[in-house]
Amino acid sequence: MTEQRRHRVCVIPGDDAAPEAMAASLRVLDALDLPIDWDHVPVGDELAALTPDEREALVGEHIDAADTVLFGSSNGTTPGAGFMRWGKRTYANVRPVRWRPGYASPLARPEGIDYVIVRENLEDMYVGVMGPAQRLLDAGLTEGRSRVPPDAANGRFAAKIITRPGTEQVTRFAAELALSRGGKLTVSAKTNMLPATDRWFCDIAREVAQEYPGLEYEQFIIDDMAHRLVVRPHELDVLLLPNLYGDILSDQGAGTIGGMGLAPSGCYGDDWAYFESAHGTAPDIAGQGIINPTATLESAEMMLRHLGLDAPADRLDRSLAAVYEAGEHLTPDQGGTAGTEDFATVVIDNLSGH
């Protein structure tokens, strides 16, 4: 009998209410008796005593020493997200949108919603090229088709950059994910108004999709896509979006199933990945012990599958399903009165039966 490989996971609790969700989630993960050695970074309040450079160096060392990272959320005090994203080239942000019985969805018929948004994670409007619009005008980058406002010289600009390699790699990731699920890839951008970037993104995605026999491909303009997320979400399987649209519509998708407390995510590169709840730090409820740890737990489930630990991931998934279906110990965002730690305790109790 071969000894099971152990994994080193860096835990970055984050800021505001995020460490509360992380602490509760780690109690649940400990109950799974995983082959994981946990490496804990201090919470944001403790990191704040260090200089920004010291924080970056400390957190970076922990990240580099780990197989993967379970990340809370940062308000800017806790570093690491930029390094894990651009430094580690995690180009595919994966945001599952799945309704469970018991989720407080605002939709009349949320049953069966189960799709994944794959968001290109490195390009688009997030490249950080921005500044006074006068520089753009001085560089002669406007043309006859440009609709430059009369007072553009006093305005600001931000650049959108799409590349063929970046689009090809994220499309291949999304196509392979779709083939492992329902076999349909949906792509969307503002193709009618931004041909140089958005239409090109979709054209490249369509070309790549043709390399995958049996993959169904469909494409919509982004405003139509926003509408479809609300009125026809059951028709989606894998939705591929450029960076900015993916950032916005993934939160919309979470809203349709019951809110950001239910929104996990994972960021994947060719040889590295990290996992984080998508809800932010929730400063308005920090210290109250009521933040919903579901997003952190489901991010941890994604992490376990990434590490090849499917059996404990399945146990965690079934336990969460049982807690929500029972509906007796839910956090306030889901219409209940349970605290964060109470919710975690009930999830642990349900692990034994699954």
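General remarks:
- Whichever residue in segment 165-190 is closer than 17 Å to E123 by Cα and among the β-branched types (V, I, T) and, among such residues, is surrounded by the most Cβ atoms within 10 Å (Cβ to Cβ): V170
- Residue in segment 279-287 that is open to solvent by less than 40 Å² (accessible area, probe 1.4 Å) and either over 17 Å from T340 (Cα atoms) or touching a strand residue (DSSP E or B) at 6+ places or on another chain (Cβ under 6 Å) (or both) present: yes
- Unique match (being surrounded by fewer than 21 Cβ atoms within 10 Å (Cβ to Cβ), under 19 Å from L107 (Cα atoms) and modelled with pLDDT of 95 or more) among D203, D237: D237
- Residues of segment 59-83 that turn out to be open to solvent by 50 Å² or more (accessible area, probe 1.4 Å), farther than 25 Å from N292 by Cα and out of contact with any His (no Cβ under 9 Å at 6 or more places or on another chain), as a count: 4
- Residues that are open to solvent by less than 40 Å² (accessible area, probe 1.4 Å) and in a helix (DSSP H, G or I), drawn from segment 240-271: N243, Y245, G246, L249, S250, G253, A254, G255, T256, I257, G261, L262
- Elements of type strands (runs of 3 or more DSSP E) contained in segment 84-136, each with 2 or more residues being open to solvent by less than 30 Å² (accessible area, probe 1.4 Å) and touching a residue at least 60 places away in the same chain (Cβ under 8 Å): 92-98, 114-120
- Only a single criterion out of (1) touching a residue at least 40 places away in the same chain (Cβ under 8 Å); (2) open to solvent by less than 80 Å² (accessible area, probe 1.4 Å); (3) not small (G, A, S) is not satisfied by L229, namely (1).
- Put simply, of E218, E211, E276, E298 the only residue that is of a type outside the set (A, V, I, L, M, F, W, C), open to solvent by 10 Å² or more (accessible area, probe 1.4 Å) and part of a loop (DSSP other than H, G, I, E, B) is E211.
The values are calculated or read from the model by the stated rules, or taken from the named source; none is laboratory data. Everything numeric in this text was worked out from a predicted model, so none of it was measured. Positions of Cβ are backbone-derived with ideal geometry, glycine not excepted, and every protein chain shown enters the neighbour counts. Remember, those area values only see protein heavy atoms, side chains included, never the ligands or the DNA or RNA. Shrake-Rupley method; radii C 1.70, N 1.55, O 1.52, S 1.80 Å.
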